[in-house]
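So the structure is just underneath, and the comments pick up after that.
The values are calculated or read from the model by the stated rules, or taken from the named source; none is laboratory data. Remember, predicted model here, so these are calculated numbers, not experimental data. Methodologically, a virtual Cβ is constructed for each residue, glycine included, from the backbone with ideal geometry; neighbour enumeration extends over all protein chains shown.
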């Protein structure tokens, strides 16, 4: 139980380890479909027919039922067309959507935070249909081959699609997904000799890619603007070989008063695979002044900043200026407990997209060499230390020596874990905050400066080579 | 099924390790070859396109204008040696060995060991037909620096967490 004197900010971590009704059944149907993709649908056998029947059965009674049932039948006969693959991807997404909703209800209960306003985004905008069709055709090839049938020929089919899509910002979501996915598949060729297959992951990427080829699916329209004080909690960094994104999680206090809400500000860019570590911050830094503010521990004052229905700010430096110093831990202790969570758009209802800012303190640290475990009020929560970016002052050792932690609660492979964004730890009897994104705006740390110099050199060489060799 | 197979964010490729790019600006394990681009030591305008094939270790080296490399007759030239060294820095020796199907026995391998094993198998000189596609892949790689950033969110990146584990 939560001690009464902790106020409303304490998380009910005990709820996170309890089982969720219906979760295993939904995931069993997902797993059945994921196994189908391992051997592919070129010459499906009885095992694959059974897997397809299972996912069709799981969406019986939903609006998808008829389409999915037809798709499963065609696919079982080795005669699935692209529309059938899209229907199967939709069924899988719907099942994981229900898993997401059940888990989100659980995290809401655990954090005790209010739910944000609901809304339904209207699809808008036009995307070049031929590129979307090319992507769908490549993904359909993958489904026929199966992961075990992967070879360089089929994987390399993505390259020209990705190259054509990347320059168009409207296609960036699908392009970035396909680029990262194809790189993994290429590194895993030939599929026949793979020791193990990341079944859930590749089926996730495949089905999400499929759905993003539907015109308008990637559009999350701006629904308004916000004005007020932005109090950063921390930075979440995501990367694959040729792309990086930083997302700042923050509490927004509206200038006109009223309830504060959780928002995100994102900046992303494609990159050469040799730009890593501190080089990632260097690429992102010039395009969002917020990264420097986070590094300096400052708030920002926003004026008419565009925001989506999902609480994503569409950042533009013109709508922001640096505000007063704001300690992330003060924000986490005081402002986070009453900030409303955001609405989640239908396509984003997936457990991997469930990212919940939380504040933990008063825990005991346990675990071993492989894992750090924070136990508060008798409830253990495993720390995902692998997600801490290497170019920053936060380390797994610092988490293990910490007394308070701002993190992101995530669910993967059957359990909740917390990704640390910042911790408070004691150095020479003084409490010191360490942030995963501490070097986002630059650093004077000795190791950090060395990493920055190495990254600058790498980009300088590439730009010099590009200057001489490109456009000749 | 194990935890890894049921994970949406299972790590499939370890992060590339940072390395100096001046000598070998581009290296990749792709198309059944270790391949890349090596800067000429004497002419700043010239680069060499070098490659070693998986399994046979058939090697090729020529300039981007398709002139053969004088050093790559009979055995690996210095460009190919540099390519192997930098590949080991970027991807780690074990991934390079596994990809090229180099039998290193049980011991810890380094770039020198890998190069030694390949040379001792007396590999054949391959043709330089791959030079053009490898060079164009290098240009495509450089073009990533020219792409505009965006502040619209990419929810798909949730599937690509960083990893502290390196190759």
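Observations on the model:
- Residues (in contact with a strand residue (DSSP E or B) (Cβ under 9 Å, 6 or more places away or on another chain) and either crowded, with 21+ Cβ neighbours inside 10 Å or in a loop (DSSP other than H, G, I, E, B) (or both)) located in region A:426-449: A:435, A:436, A:437, A:438, A:440
- Matching entry among A:313, A:302, A:283 (being over 26 Å from residue A:393 (Cβ atoms), touching a residue at least 24 places away in the same chain (Cβ under 8 Å) and either buried (at least 21 other Cβ atoms within 10 Å of the Cβ) or assigned by TED's automatic domain parsing to the domain that holds residue A:229 (or both)): A:302
- Exclusive hit being facing chain A (nearest Cβ under 7 Å) and either crowded, with 18+ Cβ neighbours inside 10 Å or free of Cβ contacts under 8 Å to residues at least 40 places away in the same chain (or both), set B:53, B:22, B:72: B:22
- Among the residues making up region A:26-41, a single one is within 20 Å of residue A:193 (Cβ to Cβ) and either outside the structural domain of residue A:78 (by TED's automatic domain parsing) or not in a helix (DSSP H, G or I) (or both): A:40.
- Only one of A:102, A:87, A:75 that is part of a helix (DSSP H, G or I), within 27 Å of the chain's Cα centre (by Cα) and within 20 Å of residue A:139 (Cα to Cα): A:87
- When residue A:154 is tested against (1) under 30 Å from residue A:220 (Cα atoms); (2) surrounded by fewer than 22 Cβ atoms within 10 Å (Cβ to Cβ); (3) in contact with a helix residue (DSSP H, G or I) (Cβ under 6 Å, 6 or more places away or on another chain), only condition (1) is not met.
- If you check A:252, A:231, A:214 for being more than 16 Å from the chain's Cα centre (by Cα) and either in a helix (DSSP H, G or I) or surrounded by fewer than 17 Cβ atoms within 10 Å (Cβ to Cβ) (or both), only one passes: A:214.
- Whichever residue in region B:122-142 is touching a helix residue (DSSP H, G or I) at 6+ places or on another chain (Cβ under 9 Å) and more than 7 Å from chain A (Cβ to nearest Cβ) and, among such residues, is surrounded by the most Cβ atoms within 10 Å (Cβ to Cβ): B:138
- Where residue B:161 falls short, out of the listed (1) closer than 25 Å to residue B:23 by Cα; (2) at the interface with chain A (Cβ under 10 Å from one of its Cβ atoms); (3) not in a helix (DSSP H, G or I): (1)
- Residue in region A:84-103 that is touching a strand residue (DSSP E or B) at 6+ places or on another chain (Cβ under 8 Å), crowded, with 19+ Cβ neighbours inside 10 Å and at pLDDT 95 or above present: yes
- Of all the numbered requirements in (1) outside any helix (DSSP H, G or I); (2) free of Cβ contacts under 8 Å to residues at least 24 places away in the same chain, residue A:44 misses one, and that requirement is (2).
- From the list A:167, A:114, the one residue that fits, being at the interface with chain B (Cβ under 10 Å from one of its Cβ atoms), in a loop (DSSP other than H, G, I, E, B) and either surrounded by fewer than 22 Cβ atoms within 10 Å (Cβ to Cβ) or touching a residue at least 60 places away in the same chain (Cβ under 8 Å) (or both), is A:167.
- Of all residues in region A:7-24, those satisfying the criterion of being part of a helix (DSSP H, G or I) and in contact (Cβ under 8 Å) with a residue 24 or more places away in the chain are A:7, A:8, A:9, A:13, A:14, A:15, A:16, A:17, A:23.
- Residue B:41 satisfies every condition listed in (1) farther than 30 Å from residue A:416 by Cα; (2) within 10 Å of chain A (Cβ to nearest Cβ); (3) at pLDDT below 90 except (2).
- Residue check, residue B:13 in a loop (DSSP other than H, G, I, E, B), in contact with a helix residue (DSSP H, G or I) (Cβ under 7 Å, 6 or more places away or on another chain) and within 10 Å of chain A (Cβ to nearest Cβ): yes
- Output for region A:279-325, where each listed residue is over 30 Å from residue A:361 (Cβ atoms), away from every other protein chain (no Cβ under 14 Å) and either at pLDDT below 95 or touching a helix residue (DSSP H, G or I) at 6+ places or on another chain (Cβ under 7 Å) (or both): A:303, A:304
- Residue within region A:326-338 that is outside the structural domain of residue A:101 (by TED's automatic domain parsing), at pLDDT 95 or above, part of a strand (DSSP E or B) and touching a strand residue (DSSP E or B) at 6+ places or on another chain (Cβ under 7 Å) present: no
- Set A:374, A:434: member being in contact with a helix residue (DSSP H, G or I) (Cβ under 6 Å, 6 or more places away or on another chain) and touching a residue at least 40 places away in the same chain (Cβ under 8 Å): A:434
- Hey, residue B:88 out of contact with any strand residue (DSSP E or B) (no Cβ under 6 Å at 6 or more places or on another chain), outside any loop (DSSP other than H, G, I, E, B) and without any contact (Cβ under 8 Å) to a residue 40 or more places away in the chain or not: yes
- Per the conditions (1) surrounded by fewer than 19 Cβ atoms within 10 Å (Cβ to Cβ); (2) in a strand (DSSP E or B), the sole criterion not satisfied by residue A:264 is (1).
- Any chance residue A:11 is within 23 Å of the chain's Cα centre (by Cα) and at pLDDT below 95: yes
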